[in-house]
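See structure below.
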Amino acid sequence: MRSALFFLSISIFAGIVHSAEIRPFARSWVLLEGKIEKGDYDKIFKIADLGITEGSYLFSPGGDVVEAMKIGRLVRSLRWTTNAPLTQPLRSDTAQRLALSFGLKDPMHNNLCASACFFIHVAGIYRWGDTLLIHRPYLSDAELRKLSGNQVLRMSQVARTETDAYLKEMGLPAKYSELMYSMPKDQVQLLAETDIKSDIYG
């Protein structure tokens, strides 16, 4: 994985997006809530060392895709189950009640698994949950200002190659990478229930 690649997701809802809180949950699980950032892999690795044997609950609007891929490969190596929020549509009363039952600090912004979170979710040996959103990985404005046009083009090509390879490694059909890259970077796609059941669920 090339450390020069820094991708950021967009927040689905307006407002402040806080960095992820990662903590043990119900003895044998880990719960991740918030924006995925560099260093989160190390936090999860340390918590896994405490005897986390089942898997993870994921409540995140996204974040750093490279970090998410690192976490995803750790999840796969540990043969964890991954759980995303269970109820569509977003912001429904049922969804909020479920989020509160997990002790989420910011269910309004984090009761979903979007963007970089999706890369962690698909690493699970068993996968549950249906509030999954994807969009095109992209460079931050700050990173773009540091690069020439040719560098941006090359990095975009590398990013697509790495995205394709990662999703294939996790057993997903190529259509999900194609869908991501067919979208403008400021748009997100809520995955259809039929796709989740046929390609991701279980």
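Out of the residues in region 170-182 that are without any contact (Cβ under 8 Å) to a residue 40 or more places away in the chain and assigned to a helix (DSSP H, G or I), state the one that is least open to solvent (accessible area, probe 1.4 Å). The selected residue is 177. What's the total number of residues in region 24-60 that are part of a strand (DSSP E or B), in contact with a helix residue (DSSP H, G or I) (Cβ under 9 Å, 6 or more places away or on another chain) and either within 15 Å of residue 121 (Cα to Cα) or at pLDDT 95 or above (or both)? Total satisfying the criteria: 10. Sub-8 Å Cβ pairs linking a first residue in region 145-162 that is closer than 21 Å to residue 178 by Cβ to a second residue that is modelled with pLDDT under 80 and of a type in the set (Gly, Ala, Ser), at least 6 apart or interchain, are 155/4, ordered by first then second residue.
For beta carbons closer than 7 Å, sequence separation of 6+ or different chains, a first residue in region 106-135 that is under 15 Å from residue 71 (Cβ atoms) and basic (Lys, Arg) and a second that is modelled with pLDDT under 95 and crowded, with 24+ Cβ neighbours inside 10 Å, the qualifying pairs are 127/200.
Annotation note: Cβ proximity below 7 Å between a residue of region 185-201 that is closer than 24 Å to residue 126 by Cβ and a residue that is among the charged types (D, E, K, R) and surrounded by 11 or more Cβ atoms within 10 Å (Cβ to Cβ) (sequence gap 6+ or interchain) occurs for 193/130; 196/130; 200/127; 201/127.
If you go through region 124-139 and keep only what is more than 11 Å from residue 189 (Cα to Cα), in contact with a Leu (Cβ under 8 Å, 6 or more places away or on another chain) and among the aliphatic types (A, V, I, L, M), you end up with just 139. Say we look at region 183-198 and pick out the residues that are of a type outside the set (Val, Ile, Thr) and loosely packed, with under 11 Cβ neighbours inside 10 Å; which of these is farthest from residue 117 (Cα to Cα)? Per the criteria, the residue is 184.
Residues that are farther than 14 Å from residue 196 by Cα and open to solvent by 10 Å² or more (accessible area, probe 1.4 Å) within region 116-130 comprise just one, 125.
The values are calculated or read from the model by the stated rules, or taken from the named source; none is laboratory data. Only a predicted model underlies this, so the values are computations on that prediction, with no experimental measurement involved. Cβ sites come from the backbone with ideal geometry, for glycine too, and all protein chains shown count toward neighbours. Surface areas here come from the heavy atoms of the whole protein model, side chains and all, with no ligands, DNA or RNA. Shrake-Rupley method; radii C 1.70, N 1.55, O 1.52, S 1.80 Å.
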